[in-house]
Amino acid sequence: MISIKELVFKYPDGHLALDGINLSVSAGESVGIIGSNGAGKSTLLLHLNGTLRPTTGTISISSLPVDDRNIRAIRRKVGMVFQDPDDQLFMPTVSEDIAFGLLNLGLPENEVKEKTDAILNRFGMSAYADKMPHHMSLGEKKKIALAGILVLEPEIIVFDEPTANLDLHSRKDFIEILKGLKQTRIIASHNLEMIARVTQRVIVINKGKIIADGPAKDIVSDTALLETNGLM
Amino acid sequence: MEYHLIDTYSKRDSLLHRLDPRTKIIVFLGLIIMIVLTPPKQFITFGQYGLLILGLVILSRIQVWFYISRALLVMPFVLMIVIFVPFLKEGQTAFRIDFWFIHAQVTHEGLIVCWNALVKSVSSVLLITLLVATTPFNDILHGLTHLRIPRVLITMVSFMYRYLFVLLDETERMQHARLSRWFGGYIRRQIKVIGNMIGLLFIRSYERSERIYASMLARGFDGSIRRIDNLKFRAADAVFAAVIVALLTIIWETYNL
């Protein structure tokens, strides 16, 4: 599903953010990416839908290489839930935000409305359809951000710190939603408890390199590994 | 934090609220143009316009105090412009002010110019305030799109409205952080710090705009924002527009007499 070979990424200021990443993820897997701040998690995620492009190395999503020619197909396959929902909910109302991606796919309006209503209903948020995002709590905004991605039916969903700053109740809520998803999931976080509950496989990143890659329960219980990589 | 800036009453329900935004934009704009084109000495006509606006306010069921306080916000600017006109305009002297060292004369012509600017700006502001108070901001933008205002402008205003509140929150957090380490005094230094904060806010918005753009691209943005068309002209819109046109015709007839 996802295949990354010798990915190196240098920011324009010369900072080496990713230093030779090799990774392959198969369909339906739920993979956690953990690492301290600045380890390269977010940079890696932004490569998955072609927002950032490798300095050297290659990425392909279901055997389509990520390049300008395939970019629309790639973005159709890879949904991305950003860390700050305020960055993602840019339309004036909730329903318009969910409709944004659907309309970009060129779907007819009645179908867009149907799908928007259905996804809001599924999240129990039909009452929020005409609300403005600035009147909502962070937990609610996160759910809407996810709804806006799910409605596009991507094959892969990428999450950047899905539970950061959420209160206990919203976090539990969101973890349940994450567990219930069928798509291939890539979840970057440093919340080990959440990662242990929603992923089967965990990758540890430090200074732009993959340090460890294994079953979630082994990695989360390996205190020596976690400590040397600034995760405990 | 929750902020309600301009469209606080726009979610209520009344005849005026239920109208299509396009109807309201066109009717209110038409009214404003009529008022602006009326010669200043038609005092009765201005009185009729006043009654018409009062009628609309009653129809809208918004709180009169809220309405007036909003409309008065622009008054300082208008006053700044017109206040000196009666003294400067040449013409027949209406009355003189002789007080201590101040000797000034006010002319009839000056008063007319002053009245003209004042009554027209106040009525325009009253009408615009009424439009904004009875229409959610989003619907106004939607209506304007249909009235062929360039999409780029609409998109810019729409983003501004969405992120104004986010920026206000950010400003407030910075302000709290600054005040919690400020122990009084050193006012000049504080001004410098506030300058830095404004710069920082600019950089943060710039970075946020890049993240927003990334998230737009991630959902297939290709240069134009598409929206579902949910505006509908109804019978009420036609009736409302017809009544206003009829009233304006009556006003026009009495003016010609």
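The values are calculated or read from the model by the stated rules, or taken from the named source; none is laboratory data. Everything numeric here is computed off the predicted structure, so don't read it as measured data. Here Cβ is always computed from backbone atoms with ideal geometry, including for glycine, and neighbour counts include all displayed protein chains. Only protein heavy atoms, including side chains, enter the accessible area calculation; ligands, DNA and RNA are left aside. Shrake-Rupley method; radii C 1.70, N 1.55, O 1.52, S 1.80 Å.
More than 14 Å from chain B (Cβ to nearest Cβ), crowded, with 16+ Cβ neighbours inside 10 Å, touching a residue at least 40 places away in the same chain (Cβ under 8 Å) and touching a helix residue (DSSP H, G or I) at 6+ places or on another chain (Cβ under 7 Å): does that describe A:ILE98?
Numbers: more than 14 Å from chain B (Cβ to nearest Cβ): no; crowded, with 16+ Cβ neighbours inside 10 Å: yes; touching a residue at least 40 places away in the same chain (Cβ under 8 Å): yes; touching a helix residue (DSSP H, G or I) at 6+ places or on another chain (Cβ under 7 Å): yes.
Spelling it out, it is not the case that A:ILE98 is more than 14 Å from chain B (Cβ to nearest Cβ), crowded, with 16+ Cβ neighbours inside 10 Å, touching a residue at least 40 places away in the same chain (Cβ under 8 Å) and touching a helix residue (DSSP H, G or I) at 6+ places or on another chain (Cβ under 7 Å).
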**Residue count, the range A:1-37 (criterion: outside any strand (DSSP E or B) and open to solvent by less than 70 Å² (accessible area, probe 1.4 Å))** = 7
**Asked** Out of the range A:73-95, which residues are within 7 Å of another protein chain (Cβ to nearest Cβ) and not charged (D, E, K, R)?
**Response** A:MET80, A:PHE82, A:GLN88, A:PHE90, A:PRO92, A:THR93
**Prompt:** So which residues in the range A:101-132 are closer than 22 Å to B:ARG162 by Cα, open to solvent by 30 Å² or more (accessible area, probe 1.4 Å) and not in a helix (DSSP H, G or I), if there are any at all?
**Reply:** A:ASP130, A:LYS131
**Request:** Those residues that are open to solvent by 40 Å² or more (accessible area, probe 1.4 Å) and touching a strand residue (DSSP E or B) at 6+ places or on another chain (Cβ under 7 Å), I need them from the range A:39-72; list them, please.
**Result:** A:SER42, A:THR55, A:THR56, A:THR58, A:PRO65
**Message:** Condition check: out of contact with any strand residue (DSSP E or B) (no Cβ under 8 Å at 6 or more places or on another chain) and more than 20 Å from A:ILE219 (Cβ to Cβ). Does A:ASP13 satisfy that?
**Reply:** yes
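Wholly within the range B:55-162, which helices (runs of 4 or more DSSP H) include no fewer than the required count, namely at least 2 residues that are within 14 Å of chain A (Cβ to nearest Cβ)?
Details: elements: B:64-72, B:75-82, B:85-88, B:108-134, B:137-146.
The qualifying helices (runs of 4 or more DSSP H) are B:137-146.
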**Prompt:** So B:ALA238 clears everything in (1) within 30 Å of B:THR135 (Cβ to Cβ); (2) within 14 Å of another protein chain (Cβ to nearest Cβ); (3) of a type in the set (A, V, I, L, M); (4) assigned to a helix (DSSP H, G or I) except one condition, right? Which one?
**Reply:** (2)
**Request:** Just need a number here: residues in the range B:198-235 that are more than 7 Å from chain A (Cβ to nearest Cβ), small (Gly, Ala, Ser) and touching an Asp or Glu at 6+ places or on another chain (Cβ under 7 Å).
**Result:** 0
**Request:** Considering each residue of the range A:80-92, count those that are in a strand (DSSP E or B) and either free of Cβ contacts under 8 Å to residues at least 12 places away in the same chain or over 24 Å from A:ASP130 (Cβ atoms) (or both), and give that number.
**Result:** 1
**Every residue from the range A:161-191 that is open to solvent by 30 Å² or more (accessible area, probe 1.4 Å) and either within 14 Å of chain B (Cβ to nearest Cβ) or more than 21 Å from A:PRO85 (Cα to Cα) (or both)** = A:ASN165, A:LYS182
**Prompt:** So which residues in the range B:44-82 are among the β-branched types (Val, Ile, Thr) and free of Cβ contacts under 8 Å to residues at least 24 places away in the same chain?
**Reply:** B:ILE58, B:VAL64, B:ILE68
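For every residue, the table says whether it meets (1) open to solvent by less than 80 Å² (accessible area, probe 1.4 Å); (2) of a type in the set (A, V, I, L, M); (3) at pLDDT below 85.
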position: B:VAL57; (1), (2), (3): yes, yes, no
position: B:LEU73; (1), (2), (3): no, yes, yes
position: B:PRO76; (1), (2), (3): yes, no, no
position: B:LEU127; (1), (2), (3): yes, yes, no
position: B:ASP139; (1), (2), (3): yes, no, no
**Message:** Among the listed residues B:SER123, B:SER158, B:SER69, identify the single one that is within 30 Å of B:ASP13 (Cβ to Cβ) and out of contact with any helix residue (DSSP H, G or I) (no Cβ under 9 Å at 6 or more places or on another chain).
**Reply:** B:SER69
**Request:** Return the only residue of B:LEU200, B:LEU168 being touching a Phe, Trp or Tyr at 6+ places or on another chain (Cβ under 7 Å), over 30 Å from A:GLU109 (Cα atoms) and outside the structural domain of B:ILE140 (by TED's automatic domain parsing).
**Result:** B:LEU168
**Message:** Being open to solvent by 60 Å² or more (accessible area, probe 1.4 Å) and β-branched (Val, Ile, Thr) narrows it down to one residue among B:ILE187, B:ILE228; which is it?
**Reply:** B:ILE187
